[in-house]
Amino acid sequence: MIIGGIEAGGTKFVCGIGNEKGEITNRISIPTTNPTETMDQVKHFFRGTPLDAIGVGSFGPIDLNRNSGTYGYIKNSPKVEWKDFDFAGAISSIWNVPIGFDTDVNAAALAESIWGAAEGLSSCLYITIGTGIGAGMIVQGSMLSGISHPEMGHIRVRRHPKDHYEGCCPYHHDCLEGLAAGPALEERWGKKGVALKGVDQVWELEAYYLSEALVNFILTLSPMKIVLGGGVMKQHQLFPLIQKMVQYKLNGYLSFNELSQENIAQYIVPPGLGDDAGLKGALALAMRAYQSKL
Ligand code: ADP
Ligand code: ZN
């Protein structure tokens, strides 16, 4: 099978050609400018490749309600040129093949559960901490969804008593994303995350907020594995801090083996697929769309 995958991010689109095993043979990175320009380059990359299916993992929010008149559209995006863009429609007007379309984080969660850190497990929560915070949850092979996709990055978390930063979410100010995504780090501390590497205080506060969220997700979703990706999680010193704080905040209430001292480092983990989780997720979405048409 020849499968096309598009990891559509707010900064760049990564397109790849691969197969049903998630192997990628060819890829390209295209800057996200406006829909006309970017989609032209996407089309150009795939030109001449006989695709059997195509999958898109998109930045959001997107409308995933198949009964809605705007299914497949990008919704309230801060990227004004992309707001109300009929993304799924644009793809189906180019390719007459099965199309898988979902959020970038649902795609990454799916790839991690098929080929990555949660392979063989019945559920997986994937969270990205980058320009924004987003999460996707796979349960028994399906994406958790309701009216549309979950927006776990915008939950409210308990404030750290010593943190007076107002938060930068345009909708909620001090939601999780407003307090802990890359732009919040940069605005609070006056430097980009990558330049704050050796400053312990920064990562302790970051782990404080991320562990607040994880405790809520563990208590509500009970995932078998939690995968943390995105640019901010390149700071690997965050992992042991988050693991310790999650245990501290749960305070022994959940006595699962996964949360024990010996096992927690295998429970809250970086992506098994590294930076390929998103693109491989797009391939997985395509594969599913293909199989559902058989
Ligand atoms: P996006 O979310 O746009 O797809 P990323 O996941 O790379 O892209 O996230 C970008 C954000 O992560 C930026 O705010 C950036 O400052 C931050 N970031 C990227 N790399 C690092 C790093 N090594 N350490 C800390 N923060 C980083
Ligand atoms: Zn918010």
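Let me have the relative contact order for the stretch 119-270, percent, based on Cα pairs under 8 Å that are six or more residues apart. Spell out each step's value before the answer.
Details: 226 pairs, mean separation 38.3, N = 152.
Relative contact order comes out at 25 percent.
Relative to the Cα centre, what is the charge dipole magnitude of the chain, using +1 at the beta carbon of each Lys and Arg, -1 at the beta carbon of each Asp and Glu, and rounding to the nearest 20 debye? Could the numbers behind the result be given before it?
Numbers: 24 positive and 29 negative charges, 9 e Å.
For this selection, approximately 40 debye.
So what is the relative contact order for the chain, in percent, with contacts set as C-alpha pairs under 8 Å and at least six apart? Working shown, then result.
Working: 599 pairs, mean separation 69.0, N = 294.
The value is 23 percent.
What whole-number volume per residue, in cubic angstrom, does the convex hull of the C-alpha atoms of the stretch 1-92 give?
Numbers: hull volume 8.9 nm³, N = 92.
Measuring per residue, one finds 97 Å³ for the Cα hull of the stretch 1-92.
Placing one identical point scatterer on every Cα of the stretch 119-270 and ignoring solvent, what is log10 I(q)/I(0) from the Debye formula at q = 0.16 Å⁻¹?
The Debye formula, applied to the Cα set alone, gives -0.86.
With 10 angstrom as the radius, rank 75, 280 by how many other C-beta atoms surround their C-beta, starting from the fewest.
Values: 75 14, 280 30.
Lowest count first: 75, 280.
Just the Kirkwood number for the chain, please: inverse of mean 1/r across all distinct Cα pairs, in Å, one decimal. Walk me through the intermediate numbers first.
Working: mean 1/r = 0.0514 Å⁻¹.
19.5 Å is the Kirkwood radius here.
By average Cβ neighbour count within 10 Å, what is the ranking of 129-139, 235-245, 86-96 from highest down? If you can, show how the numbers build up before the last one.
Numbers: 129-139: 24.5, 235-245: 17.5, 86-96: 15.8.
Top of the packing list down: 129-139, 235-245, 86-96.
Among 79/192; 197/244; 75/234, which pairs are too far apart, with a Cα-Cα distance over 27 Å? Before the final figure, lay out each step's value.
Working: 79/192 21 Å; 197/244 19 Å; 75/234 29 Å.
Listed pairs above 27 Å: 75/234.
Can you tell which of 58, 211, 145 shows the greatest fluctuation in a Gaussian network model of the chain with Cα springs below 10 Å?
So, out of 58, 211, 145, the one fluctuating most is 145.
As a footprinting exposure proxy, order 149, 173, 164 by other Cβ within 10 Å, with the fewest listed first. Each step should come with its number before you reach the end.
On the way: 149 23, 173 12, 164 8.
Result, fewest neighbours first: 164, 173, 149.
We did not get these values from a lab; they are worked out from the coordinates using the rules stated. Given the structure is predicted, the values throughout are model-derived calculations rather than measurements. All Cβ positions, even for glycine, are placed from backbone atoms using ideal geometry, and neighbour counts span all protein chains on display.
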